[in-house]
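Notes for the one structure printed next.
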Amino acid sequence: MSQARPPAIKRLGVYGGAFDPPHQAHIELAQAAVAQLQLDVLCVLPTGEAWHKERGLTGAGHRLAMTRLAFQNLPQTQVDEREIRRAGPTYTVDTLRELAFEHPNVQLFLVMGADQAKSLANWHEIGEITRLAIICVAERDAPEISKAQGQVHSQDVDPVVQGDFRKIVLPPMPHSATDIRTRVASGQPLNALVCETVARYIQDNHLYQTA
């Protein structure tokens, strides 16, 4: 008897980031993206060698381990290692091309926070990125939405970037990975800023502590 094939993925989300560390806002964004964009799968991709980061990232192995812990219980979410495994600088456009090849006829949704959206005009091959994927931006403030096209008209997106945009509505979440690293370095508790398993991993591996 032949095994039934798994259903084809039609709506595939792509959510990349340093995840240094992954925190509650990352999880909230992933959950909102799956629900609001009606995704079949959301690929979560820790960054490999980030060409645009001024500071050095925590080791890829640690960031991958924390990302797995943070997203392990989220339905329809998969942590993907390809950008960490890729040699040299890693570019989103390469990941989108690979996923489009692996999943013929899929619609790709590139999920990002507002901070990432602000720099879109500087992304490598941004024209190809907007051809391959719908850009989905997390919005804490209600943006003006075009009823004709359903696109995001947000101050977070450089108007020179042309493409198909969507919004993801999020509640206010003021904390960031930078804040969390600062709290750890100063000996402050993380409380509910990260999930318990990630907090324990940070403590057990002495991450983000000053020398």
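Sort out which residues of region 170-190 are within 29 Å of Ala35 (Cβ to Cβ) and touching a helix residue (DSSP H, G or I) at 6+ places or on another chain (Cβ under 7 Å), and write them in order of number. Scanning region 170-190 gives Leu170, Met173, His175, Leu190. Under the condition of being closer than 17 Å to Met112 by Cα and at pLDDT 95 or above, the residues counted in region 29-69 number 18.
Considering every residue within region 91-110, establish whether at least one is among the β-branched types (Val, Ile, Thr), closer than 18 Å to Pro22 by Cβ and outside any helix (DSSP H, G or I). Scanning region 91-110 turns up no residue that is among the β-branched types (Val, Ile, Thr), closer than 18 Å to Pro22 by Cβ and outside any helix (DSSP H, G or I). Residues in region 161-196 that are surrounded by 12 or more Cβ atoms within 10 Å (Cβ to Cβ), of a type outside the set (A, V, I, L, M) and either in contact (Cβ under 8 Å) with a residue 12 or more places away in the chain or on the phi > 0 side of the Ramachandran plot (or both): 10 in all. Consider Leu37 carefully, then state whether it is in contact with a Leu (Cβ under 9 Å, 6 or more places away or on another chain), of a type in the set (A, V, I, L, M) and within 23 Å of Arg140 (Cβ to Cβ). No, not satisfied. I'd like the full set of residues that are at pLDDT below 95 and assigned to a strand (DSSP E or B), limited to region 70-90. Correct list: Pro89 only.
The values are calculated or read from the model by the stated rules, or taken from the named source; none is laboratory data. Source: prediction; values computed, not measured. As a convention, Cβ positions derive from the backbone with ideal geometry for all residues, glycine included, and neighbour counts pool all protein chains shown.
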